[in-house]
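The block underneath contains the structure these notes are about, expressed in structure tokens.
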Amino acid sequence: MQQLNPPGWNRPKGYSNGIAAEGRFVFVAGMVGWTGDEKFESNDFVGQFRLALENTVAVLAEGGAGPEHICRMTMYFTDKEEYLSRLSEVGQAYRDVIGKNFPAMAAVQVVALMEDEAKVEIETTAIVPI
């Protein structure tokens, strides 16, 4: 994968402006911070964020991909202020689960998610080199 960050632009923190890649696509549906049996064990924002990432990695593995293959990630949060106030914890959880891969990324505040207890949902696209 090639990170696309135009010359003269400030380098984004924790993501890339774009990614160019060739290979087999793996699409991961929106993952929330619940267990495999669809139970929320935590009402904590960072706890749900970490588990949503872990769920993402589990689905990627089923498709023969890993965190290093993620090229695009969209994160939906119900509380922008909580996300921003806990950014260092969010960043640590991200590095713990995903590592130092910084895909093209968007973060969006939404009024609610389909699962009432969910505070975060993460949708991911990965490309595995052929």
Mind putting a number on the dipole of the chain about its Cα centre? Charges go on the C-beta only, +1 for Lys and Arg and -1 for Asp and Glu, and I need it in Debye to the nearest 20. 740 debye
Based only on Cα atoms, what mean projected area does the convex hull of the range 77-121 have, in nm²? 3.6 nm²
With the crude spin-label approximation of a point 7 Å out along Cα→Cβ, what separation in nm comes out for residue 43 versus residue 10? 3.7 nm
Count the DSSP beta bridges whose two residues both fall in the range 1-119, then state the antiparallel fraction as a percent rounded to the nearest 5. 20 percent
222 nm [θ] for the chain, helices only, -39500 (n - 2.57) per DSSP H run of 4+, per residue, to 500? -8500 deg cm²/dmol
Sequence-distant or interchain residues sharing an amide H contact under 5 Å with residue 33, placed H: which? 52, 119, 120
List the residues whose amide H sits under 5 Å from the amide H of residue 16, counting only those 5 or more places along or on another chain, with H placed 1.01 Å from N in the peptide plane. 104, 105
Rank these for me by crowding, 110, 32, 59, 120, going from fewest to most other beta carbons within 10 Å. 110, 59, 32, 120
Percent breakdown of C-alpha pair distances by 10 Å bin, ordered from the shortest bin, for the range 31-86: 22, 48, 28, 2
If you line up the long axis of helix 45-62 against the longest principal axis of the chain, both from Cα atoms, how many degrees apart are they, to the nearest 10? 50 degrees
5 Å is the cut-off here: which amide hydrogens, built 1.01 Å from N in the peptide plane, fall below it relative to residue 71, excluding neighbours closer than 5 in sequence? 125, 126, 127
Report the extension gain between residue 59 and residue 74 in nm, rounded to one decimal, defined as 0.36 nm multiplied by the number of residues separating them, less their alpha carbon distance. 3.8 nm
Let me know the Rg and Dmax you get for the chain when you use only its Cα atoms, in Å. 14.5, 47
Rounded to the nearest 5, the percent of DSSP beta bridges in the range 59-130 running antiparallel is 55 percent
Sequence order, the range 16-31: Karplus ³J(HN,Hα) from phi using 6.51 cos²θ - 1.76 cosθ + 1.60, θ = phi - 60°, Hz rounded, Gly and Pro as x, gives 10, 5, x, 9, 10, 7, 10, x, 8, 7, 10, 9, 10, 4, x, 9
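Coordinate-derived values only; no laboratory data. Note that the coordinates shown come from a computational prediction; the quantities given were computed from them, not determined experimentally. Methodologically, a virtual Cβ is constructed for each residue, glycine included, from the backbone with ideal geometry; neighbour enumeration extends over all protein chains shown.
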